[in-house]
1. Conditions first: (1) free of Cβ contacts under 8 Å to residues at least 24 places away in the same chain; (2) surrounded by fewer than 24 Cβ atoms within 10 Å (Cβ to Cβ). A:SER139 passes all but one, so which condition is the exception?
2. Residues to consider are B:TYR310, B:TYR345; find the one that is touching a helix residue (DSSP H, G or I) at 6+ places or on another chain (Cβ under 7 Å) and at pLDDT 90 or above.
3. Select from the stretch A:340-365 the residues that are under 30 Å from B:HIS155 (Cβ atoms) and of a type in the set (Lys, Arg) and write down the one among them that is surrounded by the fewest Cβ atoms within 10 Å (Cβ to Cβ).
4. For the condition under 29 Å from A:VAL72 (Cα atoms) and either modelled with pLDDT of 90 or more or more than 20 Å from the chain's Cα centre (by Cα) (or both), what is the one hit in A:THR218, A:THR171?
5. Could you please find all residues in the stretch A:131-145 being in a helix (DSSP H, G or I) and facing chain B (nearest Cβ under 9 Å)?
6. Answer with yes or no whether A:ILE114 is among the hydrophobic types (A, V, I, L, M, F, W, C), under 20 Å from A:THR187 (Cα atoms), without any contact (Cβ under 8 Å) to a residue 24 or more places away in the chain and away from chain B (no Cβ under 12 Å).
7. Considering (1) in contact (Cβ under 8 Å) with a residue 40 or more places away in the chain; (2) more than 22 Å from B:CYS59 (Cα to Cα); (3) in a helix (DSSP H, G or I), say which one B:HIS308 fails and leave the rest.
8. Could you say which residue among A:VAL121, A:VAL72, A:VAL56 is in a helix (DSSP H, G or I) and within 14 Å of chain B (Cβ to nearest Cβ)?
Amino acid sequence: MKKIDKERLLLGIAAPVLALLAAFVVTSLVLLATGKQPFDAFQIMGSYGVKSDSQVYILNKATTYYLAGLAVAVGFRMNLFNIGVDGQYRLAAFAAAVVGGMVNLPGILELPLIIIVAMLVGAMWAGLAGLLKVGRGVSEVIATIMLNAIATAIISYLLQPGRLAHLDANTNSVHTTVLPKSGWFFTFTTNPAAGPIEGFIVVAALAGVAYWFVLSRTRFGFDLRTVGQSESAAQASGVNVKRMIVTSMLVSGACAGLVGMPTLLNESHQYATDFPAGIGFTGIAIALLGRNNPGGIAVGALLWAFLDRTSNWLEFNGYDKEIVGVMQGVIVLSVVVAYELVRRYGLGRQQRRVGEQLAAAARNTAKQEQEAAI
Amino acid sequence: MTAVRSTSVEGGGGRRAGMSATTTTAVPATAPKAPQAKRGRLSYPVLLLIFAGALLAVCAVRAITGAQDVTSSGQISGMLQMAVPIGLAGLAGLWSERAGVVNIGLEGMMILGTFFGAWAGWQTNPWIGLVAGILGGMLGGLLHAVATVTFGVDHIVSGVAITLLAQGTTQYLAKRWFNTGHAAALGGNPKQSPPIKSVPSITVPGLSDSLLTIEHHHWFLVSDLAGILGGLVTGLSYFTVLAALLFAATFFVLWRTAFGLRLRSCGEAPIAAESLGVNVYFYKYAAVVLSGGLAGFGGAFLAMVPSHIYNEGQTGGRGYIGLAAMIFGNWRPGGLAMGAGLFGYTDSLQLRSGGPAAHALLLLLVILLVLLAARKVYRKSYRQGVLSAAFAALLLVWFLMTDTIPNEFVSATPYVATLLVLALSAQRLRMPKADGKPYRKGQGK
């Protein structure tokens, strides 16, 4: 039994390692083809990435990415493609910023209020897609893509001076009312030179633990995974598939609502036109990279944050920082191919082993029969 | 175990299969489908009548509200220009999905098309640019085919990955190729290519002018027709003509040739096709690579006809909209063309800041909803009838209280329309039966 587990572990690690190798090779080829030295680039990235201020930056950035990865992974575990995390987190952060800017409560009420508003709005936006799927049979892929675009339109309509935003005369930027100080999340500093670590990392870690617990230790999680593996089997064993679809979209959306919070509560304290967009798609990449496993997603989020951080330094050293985008794309594509290859290899091995066992058993019985005949 | 793995059990058919997968488990899926499909198809006279009715309604709305832009030639030619890339993306999706491969990487393949089209286009001429754009898109299609057909990766996962890869690669290459030397001197920068020469276009001499004169008289129906025709014959780009021919060719190849029959059989029942000696892998590869080429054409069109330039983020999700148009059109070229036209119309409205025109169209929506309500009441489904009437009343109030629609709402219209149409008709649509399902050679043995 133990031996098989070790083998599975090896196979599990093989895929990401293969993918990273492929990414290194392809990126090197691209760099060489455009007349740049690949190994220097990797060295620059490596040495810059371990500096203490880089580490803090990476942790802060990874917090956001981790939450996005979790939000996508909840759907993935159930075979639901929530492409709409992008719209959900932006709409959620916008609503939370507006509500947070309107009221001024003590921190113990203000922060939960903002976070709950964000989760509710995110859940509502995702839930719409879930309802359309179970009620009207609309694919969640198309529905969430449309909802992304609609969220963009809603935000750009409301984020205008005179509606829910103000024009900053100094910077000429449009933003919502700045959150009161009570709505700022705590930060902590381990190394004064490196800058503060955002406190929301604690919430992200808790979300990761909750994800692990709910999916692998509760009945809800079991049902969810069952639906993901086979809808008909789940239905036959008494799971209400429709309700599971809506519920998991709601959970995924609520988690997506948290994605904008590190930025809102720890960095910008307002929703402006330059609020980061597109993190939902990064979340898809990270969930794929981490195989929907809370630990794996953490590794993926850290890797993505590391690549982001070091890209600027590459630019400083005469490389083009856009090479990191190539790297990320290659990693995602090769990781999904590598997972499939490894899965097939494992399946083939298993089949061969079972086949051998069966053949051996057949030989044994044949032998026994022969002996009995003699 | 994971999404990647579990989808290969139930199939990426989780897509759009929400209803069917949960309800049809016990129903034999063969016999009762045929009559339903027939009921959904409209005969040509009925279709023409519906068109005529719609045209009359639009004319009436223009006459009542005085929003001349509803049927102006500028609006119509704008619509055509915006509809072509969406239509080509939809056509790309059609090819691929008819062979059973969901292609959500269309967006990425369009990006490749815009980039390579512009790259070759600014150095030479638009025609070579077009070829380069198509080849770029084909490259993306080939990648998707390798991942999904050979390696059996989930189609949606692979599509998302290809879009990410296309974005990353073109951003890198744009900086290397458009921001240096001669290109930079001509106005290129990391996010933009140097300008490309115009694609030659056709304007029918005499006809366009006379149509324009008629249009300016604002006669009921006559001017509307003149506006629509004028929009279709004035400044018609050769690329647009080529795209229209591709629609016809697609219909012919897929529905009237042996090649098309075999290709579609791979999307409906690959194992059965295999047992009849069809090389399923070959047809899937051909379909997905062609699909990439069509998406690349859409991208190249976008870079060269409406704008003469490559811009980062130029596709703006049109690959996804193309997919939506294809679903809207029930996986058939005619319906897809209509869907693309609808999206193109709203896109054009937004570009021309057609707040007043969009406002006028609210009235059209009210008329349609009233008709729908009457039909529902006639069919004795009172609840839906009342619901439609209530919506009509609400929209009418909105129409009367305002005189324009904010541009942001206009830009959201195609997306809302898609959602509404899908919500109303998703159960009538029939996608290829093995669409998105994994297939491996030798499964039939």
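The values are calculated or read from the model by the stated rules, or taken from the named source; none is laboratory data. The model shown is predicted, which means the values in this text are computed figures rather than measured ones. All Cβ positions, glycine included, derive from the backbone under ideal geometry; neighbour counts span all protein chains shown.
1. Here A:SER139 meets the rest and fails (2).
2. Selected residue: B:TYR310, the only one of B:TYR310, B:TYR345 that is touching a helix residue (DSSP H, G or I) at 6+ places or on another chain (Cβ under 7 Å) and at pLDDT 90 or above.
3. A:ARG352
4. Values: A:THR171 fails: under 29 Å from A:VAL72 (Cα atoms).
Going through A:THR218, A:THR171 in turn, the sole match is A:THR218.
5. Step one: filter the stretch A:131-145 for residues in a helix (DSSP H, G or I), giving A:131-136, A:140-145.
Answer for the stretch A:131-145, where residues must be in a helix (DSSP H, G or I) and facing chain B (nearest Cβ under 9 Å): A:LEU132, A:LYS133, A:VAL134, A:GLY135, A:ARG136, A:GLU140, A:VAL141, A:ILE142, A:ALA143, A:ILE145.
6. Considered against the rule, which asks whether it is among the hydrophobic types (A, V, I, L, M, F, W, C), under 20 Å from A:THR187 (Cα atoms), without any contact (Cβ under 8 Å) to a residue 24 or more places away in the chain and away from chain B (no Cβ under 12 Å), A:ILE114 comes out as no.
7. (3)
8. A:VAL72
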